[in-house]
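Down below is the structure, laid out as C-alpha cells.
The values are calculated or read from the model by the stated rules, or taken from the named source; none is laboratory data. Fair warning: this is a prediction, and the values are worked out from it, not measured in the lab. Don't worry about glycine lacking a Cβ; one is built from the backbone with ideal geometry, like all the others, and counts go over all protein chains shown.
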Amino acid sequence: MRRANVRFNYHDYLLLPEDKRYEILDGEMYVVPAPNTRHQTLVFQIAYLLFQHMQERNLGKILVAPYDVILSDENIVQPDILFVSKERLGIIGEANISAPPDLVIEILSPSTRNKDLEIKRKVYAGFGVREYWIVDPDEETVEVLVWSEQGYTSAGILGCSERMLSPVLPELDIPISLFFETR
C-alpha cells in the first residue's frame, strides 16, 4: 500500500476543532492529550516560582499551555511553560507567539515523553530556543539544555538537592526541591 506524503501547516492547524490540543512538528500532526493532575500541578508550581522571579526583576513574561508558539508554517507547538525576555516582548501577539521563546519548559508524561525528549528537542534547537528545560516528575530532576550552533548541550541534570540556575534568567537561584513540592 502506498501512502501520500501529506504535510500539515499553520493553515491546516487553524481549521482543527478546538475540543483538543494539537501540535505540528515538521509537518506531522500530533494530538496532545490532557495532562494528568501531577503534570498540571508541576506546571503551576514551576510557573509560579518563575513568575515571582520575573516580576521582582521585570525580566519578561511567563506563559503556560495551551498557548501557540509558531516557529514556522510547519512547526506549531504548545510548550508547558515558556519565557520571553523583556527585550523580545514584541513577538507575543494576541493569540500566539510568532518566534522562538527564550526558554521552553516541558514536563515529561508517559504519552509525550519520547516526543519531548527527541522530536521537540530537535525542533527547539533547530529554531534557536536559547534554553530548554526537561522536567522529569518520576525522577524529580530537571535537565537544562543550552543552545549552540551545533544543537543543545546539557548544562546538567539537577536533582532535588541542587539549585536551579539559568543562563537565560539572570539571578535565578531556586532550590529544585521547590519545583516538586506539590504533593
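Selection of segment 23-59 for residues being at positive phi and of a type in the set (S, T, N, Q) yields only Asn58. Checking Tyr30, Tyr22, Tyr10, Tyr48 one by one, the residue that is among the hydroxyl-bearing types (Ser, Thr, Tyr), under 22 Å from Thr141 (Cβ atoms) and more than 13 Å from the chain's Cα centre (by Cα) is Tyr48 and no other. Of all residues in segment 120-137, none that is on the phi > 0 side of the Ramachandran plot and modelled with pLDDT under 95 has its Cβ atom under 8 Å from the Cβ atom of a residue that is surrounded by 17 or more Cβ atoms within 10 Å (Cβ to Cβ) and β-branched (Val, Ile, Thr), 6 or more apart or on another chain. Screening Thr37 against (1) free of Cβ contacts under 8 Å to residues at least 12 places away in the same chain; (2) surrounded by 18 or more Cβ atoms within 10 Å (Cβ to Cβ) leaves a single unmet condition, (2).
Results for (1) over 30 Å from Glu171 (Cα atoms); (2) in contact with an Asp or Glu (Cβ under 7 Å, 6 or more places away or on another chain); (3) hydroxyl-bearing (Ser, Thr, Tyr), shown as yes or no for each residue.
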site: Val6; (1), (2), (3): yes, no, no
site: Leu15; (1), (2), (3): yes, no, no
site: Glu23; (1), (2), (3): yes, no, no
site: Ala34; (1), (2), (3): yes, no, no
site: Lys61; (1), (2), (3): no, no, no
site: Tyr67; (1), (2), (3): no, no, yes
site: Glu94; (1), (2), (3): no, no, no
site: Leu108; (1), (2), (3): no, yes, no
site: Lys115; (1), (2), (3): yes, no, no
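Of everything listed in (1) free of Cβ contacts under 8 Å to residues at least 60 places away in the same chain; (2) assigned to a loop (DSSP other than H, G, I, E, B); (3) charged (D, E, K, R), the single unmet condition for Glu171 is (1). Residue count for segment 156-178 satisfying the condition of being in contact with a Leu (Cβ under 7 Å, 6 or more places away or on another chain) and surrounded by 13 or more Cβ atoms within 10 Å (Cβ to Cβ): 9.
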